[in-house]
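Data first, discussion second: the structure below is written as structure tokens.
The values are calculated or read from the model by the stated rules, or taken from the named source; none is laboratory data. It should be emphasised that the depicted structure is a prediction, and the values quoted were computed from it without experimental measurement. Cβ placement follows ideal geometry from the backbone for every residue including glycine, while neighbour counts extend to all protein chains displayed.
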Amino acid sequence: MKKLIFLAVVAICLSACDNDKGKGHHHVTAAYMDSLRNDLLNTDIAFSKLSEDKGRNAAFVEYAADNATLLRPFSAPLTGRDTIKAMLSTHPDSTYKLTWTPISSDVAKSGEIGFTYGTYSLDIKNVGHEEGTYATVWHKDSTKTWKFILDTGNEGLSSTEKKTDAKIDAKKK
């Protein structure tokens, strides 16, 4: 249910940005939209690379918009880069590595807001490995740089769950 609500919010945000009807704005070509989507995908890849190289905390502070919100399990939303930075400073990231791989992106015709989603991988020293999914909503700041305004992730792709899902799927056949 949470995923459906989140996707509905993203769809509304993206459709609200399609405000060039009847205002004489330039025609948006497929190539232009592809370049916007690729730019956003590359931004998300660079965000993950920074997390891998310098840690999750540095990456999230670097890529967060001033008004960014993090949605975390069993916690109230955290809003504002300074609030996010303060929370992260109390949770050192030296015992794990968080990386992710975007699967897809889309961008509003205005080129100012978009989203990415994909899978993440979390390796925790002496504990194990976890995988899940994530979705990030982005906007371009005043310098035309992509910054995230909403980020959330869901556990659910661990190897144990994959094996269980495979068994369930096999029984259905």
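Please state which of the following conditions D169 fails to meet, knowing it meets all the rest: (1) closer than 15 Å to F60 by Cβ; (2) among the acidic types (D, E); (3) modelled with pLDDT under 95.
Among (1) closer than 15 Å to F60 by Cβ; (2) among the acidic types (D, E); (3) modelled with pLDDT under 95, the lone unmet condition for D169 is (1).
Any idea which of A59, A65 is at pLDDT 95 or above and touching a helix residue (DSSP H, G or I) at 6+ places or on another chain (Cβ under 6 Å)? Don't jump to the end; show me each part of the working.
On the way: A65 fails: touching a helix residue (DSSP H, G or I) at 6+ places or on another chain (Cβ under 6 Å).
After ruling out the rest, the residue left standing is A59.
Here are some conditions: (1) in contact with a Ser or Thr (Cβ under 8 Å, 6 or more places away or on another chain); (2) buried (at least 19 other Cβ atoms within 10 Å of the Cβ); (3) not polar (S, T, N, Q). I103 meets all but one. Which one does it not meet?
(2)
Give region 6-56 a look and list any residue that's surrounded by 15 or more Cβ atoms within 10 Å (Cβ to Cβ), at pLDDT 95 or above and over 30 Å from K97 (Cα atoms), or say none.
Matches in region 6-56: M33 only.
Determine whether A68 is buried (at least 18 other Cβ atoms within 10 Å of the Cβ), small (G, A, S) and in a helix (DSSP H, G or I).
Values: buried (at least 18 other Cβ atoms within 10 Å of the Cβ): yes; small (G, A, S): yes; in a helix (DSSP H, G or I): no.
Taking the combined requirement at face value, the residue does not satisfy it.
Sort out which residues of region 71-94 are part of a helix (DSSP H, G or I), among the hydrophobic types (A, V, I, L, M, F, W, C) and surrounded by 14 or more Cβ atoms within 10 Å (Cβ to Cβ), and write them in order of number.
Result: I84, M87, L88.
Please count how many residues of region 40-57 are touching a strand residue (DSSP E or B) at 6+ places or on another chain (Cβ under 6 Å) and among the small types (G, A, S). Spell out the reasoning first.
First pass over region 40-57, keeping only residues touching a strand residue (DSSP E or B) at 6+ places or on another chain (Cβ under 6 Å): 40-41, 43-44, 48, 51-52, 56.
Subsequent filtering for residues that are among the small types (G, A, S) retains 48, 51.
So the count comes out to 2.
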